[in-house]
1. For region 72-94, indicate whether the set of residues that are open to solvent by 60 Å² or more (accessible area, probe 1.4 Å), closer than 28 Å to residue 216 by Cα and at pLDDT 95 or above is non-empty.
2. Out of 151, 161, which single residue is within 18 Å of residue 217 (Cα to Cα), polar (S, T, N, Q) and in contact (Cβ under 8 Å) with a residue 40 or more places away in the chain?
3. Return yes when residue 152 is at pLDDT 95 or above, of a type outside the set (Lys, Arg), farther than 26 Å from residue 85 by Cβ and not in a loop (DSSP other than H, G, I, E, B) and no when it is not.
4. Please determine, by comparing only the residues of region 117-142 that are assigned to a loop (DSSP other than H, G, I, E, B) and small (Gly, Ala, Ser), which one is nearest to residue 75 (Cα to Cα).
5. Consider residue 114 carefully, then state whether it is at pLDDT 95 or above, within 16 Å of the chain's Cα centre (by Cα) and either among the aromatic types (Phe, Trp, Tyr) or assigned to a helix (DSSP H, G or I) (or both).
6. Give me the pairs: first residue in region 120-146 and within 19 Å of residue 66 (Cα to Cα), second residue among the acidic types (Asp, Glu) and open to solvent by less than 60 Å² (accessible area, probe 1.4 Å), beta-carbon distance under 6 Å, and six or more apart or on different chains, which are they?
7. Hey, could you check region 171-203 for residues that are of a type in the set (Lys, Arg) and surrounded by fewer than 19 Cβ atoms within 10 Å (Cβ to Cβ) and say which is farthest from residue 120 (Cα to Cα)?
Amino acid sequence: PSSPFPPAVEAEVSDRPKPPHPAPSVSRRGFLAGLGAGAALGVVGRSEAEAQIVRDPVIEGRVTHAVKLRVNGTTWRLQVESGETLLDVLRNRLDLTGPKLVCDRASCGACTVLADGVPIYSCTRLAVDCEGVEITTVESMTDDGELDPIQEAIVEHDATQCGFCTPGMAVTLKALLDRNPDPTEEAVRDALSGNLCKCGTYPKLFTAALDAARRRRERR
């Protein structure tokens, strides 16, 4: 059967070690001042035309499956184990550390990514079940060092403390604003109900979300 992916993104590149990210143009000092945690909002993205192949050493007795995962516009071809979660692959194989492993039981939302634009908990979604799905992580929200309006608003409204849950919050808000450019505060509260923040930044997050919606509308 024909591939569901454009041929331009299926070229083989290199083996391990993992490819380095391009250097962000956002200053470290300026970015961390608003975040309280390194790269909590994700300042690095990858070109849509880039493709990678990840190879691991063969371990006797390990059963793996060949999959193609479409992540942030790039198609990755790799071998994954039957029980390997999407979060495991993103963090440990593709070096996308925005999604965080916290509860590991789909209750906190720190691992949230988008699957075809819908927020999911990547800690409980098997990687083998994600073939043919467009996965979006917080790293894709930054374009050539320029923050997304959602990230800008989160920083400017100081809507983060430790920053650990912030990437999940950011992509959840992206999903909301993509489908509803002018949400009410009630809609924002409902969208973020699956993301927990032990620092208690919710009031500022709600304000930041509404401000981000306004910024997005003004830029269109």
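1. No, region 72-94 contains no residue that is open to solvent by 60 Å² or more (accessible area, probe 1.4 Å), closer than 28 Å to residue 216 by Cα and at pLDDT 95 or above.
2. 151 is the lone residue from the list that is within 18 Å of residue 217 (Cα to Cα), polar (S, T, N, Q) and in contact (Cβ under 8 Å) with a residue 40 or more places away in the chain.
3. In short, yes.
4. Step by step, filter region 117-142, then rank; the result is 132.
5. no
6. Going by the 6 Å Cβ cut-off, the qualifying pairs are 127/84.
7. 198
The values are calculated or read from the model by the stated rules, or taken from the named source; none is laboratory data. Computed from a predicted structure; not experimentally measured. All Cβ positions, even for glycine, are placed from backbone atoms using ideal geometry, and neighbour counts span all protein chains on display. Quick note on the areas: whole protein, heavy atoms, side chains included, nothing else; ligands and nucleic acids left out. Shrake-Rupley method; radii C 1.70, N 1.55, O 1.52, S 1.80 Å.
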